[in-house]
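Written below as structure tokens is the structure these notes are about.
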Ligand SMILES: [Mg+2]
């Protein structure tokens, strides 16, 4: 068996082609947030050096087909500029995967990773494209063998995957309302995306804890907006509110600073959504800069995601996979990964965005009461509807 066809589709789901207003980021739709520079489709904060976001849901899907007619799908998460990823698939992934046996998954990834490594592309869009290719190969292997991916990638450690729901905002009672709404939908764990200063974070955290009570697990993501000292001070206040983790307190590159924060706090520090390979993780693990690692399967793929999890397990570090702006195929890949991950802790989920992301599927793909239930469906366990997909394809320039 060999791969004979490689295609990539950049998609955009927005209020123009989907009935419900789109939420492309993990902050939730229509959040109040600090002032932004708005470029039409994309926007970025004026007051902080942080991520650019899309007003839409954007991503890139990869479709591989074998000479026997088996089709596999993967997603290279592309929250902005998805045509960049598509071009990489068409120009580089296609020649590297065409005519290969889909069961040579690890060998294909390793060769493809090496193909741009010496030139200084060890992460970013290129590795995202490889991650999407990897998931599509796993989907094919699952369909050929009649097994779900998790049965082929380590086996089933759990029958359901615990989720936390993300939400944001700047007003304490507004965020507490959203927290109560998500608890009402069965979530036992919530994460607050708070793009405000240290005192503002503490005020919102206190309002949410008071509203949801002690039985709900709470986390906060401050999106790199703190310093080492302000992170430690904030963390101590969050410890008093029984928060489970402080996420992304400072910029990615300051590993000594992250280690200082982790060492100073009793609560866990969760980091790592920006890293795509085990090579990027090793120093952080060695220096105990992460208490919890949160790599994103939409960026790593299953194969490298498993390797990162194994390396983390060696250092006794649990895995809380990031999903963020990932689409429904990234969600499904993360569920399959999580089912077969021994040191899995909890998975990120965007409750209100899920139906919009799933608009490309033949059937809905929803969690129940804060869990995705692990199934015996082959491959990814979801099927793309290519007719529905037409509506969301990204316009060519
Ligand atoms: Mg985060």
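The values are calculated or read from the model by the stated rules, or taken from the named source; none is laboratory data. Source: prediction; values computed, not measured. Please note: Cβ atoms are built from the backbone with ideal geometry, for glycine as well, and neighbour counts cover all protein chains shown.
Does residue 215 satisfy the criteria of being within 24 Å of residue 373 (Cβ to Cβ), more than 16 Å from the ligand (Cβ to nearest atom), loosely packed, with under 15 Cβ neighbours inside 10 Å and not assigned by TED's automatic domain parsing to the domain that holds residue 136?
Judged against the criteria, residue 215 is a match.
Which of the residues spanning segment 188-226 are assigned to a loop (DSSP other than H, G, I, E, B), within 23 Å of residue 47 (Cβ to Cβ) and in contact with a helix residue (DSSP H, G or I) (Cβ under 8 Å, 6 or more places away or on another chain)? Once the filter is applied, which keeps residues that are assigned to a loop (DSSP other than H, G, I, E, B), within 23 Å of residue 47 (Cβ to Cβ) and in contact with a helix residue (DSSP H, G or I) (Cβ under 8 Å, 6 or more places away or on another chain), segment 188-226 yields 194, 196, 222, 226.
Looking at this structure, is residue 250 assigned by TED's automatic domain parsing to the domain that holds residue 166 and away from the ligand (no atom under 16 Å from the Cβ)? In short, no. Scanning segment 312-333 for residues that are within 16 Å of the ligand (Cβ to nearest atom) and under 18 Å from residue 127 (Cβ atoms) turns up 321, 322, 323, 324, 325, 326, 330. Looking at segment 36-117, the strands (runs of 3 or more DSSP E) lying wholly inside it that each contain 2 or more residues that are surrounded by 24 or more Cβ atoms within 10 Å (Cβ to Cβ) sit at 57-66, 71-76. With respect to residue 161, is the statement that it is at pLDDT 95 or above and in a helix (DSSP H, G or I) true? In short, no.
Conditions tested, residue by residue: (1) more than 15 Å from the ligand (Cβ to nearest atom); (2) not in a helix (DSSP H, G or I).
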| residue | (1), (2) |
| --- | --- |
| 274 | no, yes |
| 281 | yes, no |
| 285 | yes, no |
| 288 | yes, yes |
| 298 | no, no |
| 305 | yes, no |
| 310 | yes, no |
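Within segment 307-322, the set of residues being closer than 18 Å to residue 149 by Cα and crowded, with 20+ Cβ neighbours inside 10 Å comprises 308, 309, 321.
Scanning segment 218-253 for residues that are in contact with a strand residue (DSSP E or B) (Cβ under 7 Å, 6 or more places away or on another chain) and surrounded by fewer than 17 Cβ atoms within 10 Å (Cβ to Cβ) yields a count of 0.
Exactly one residue out of 97, 89 is modelled with pLDDT of 95 or more, within 14 Å of residue 132 (Cα to Cα), within 22 Å of the chain's Cα centre (by Cα) and away from the ligand (no atom under 16 Å from the Cβ): that is 89.
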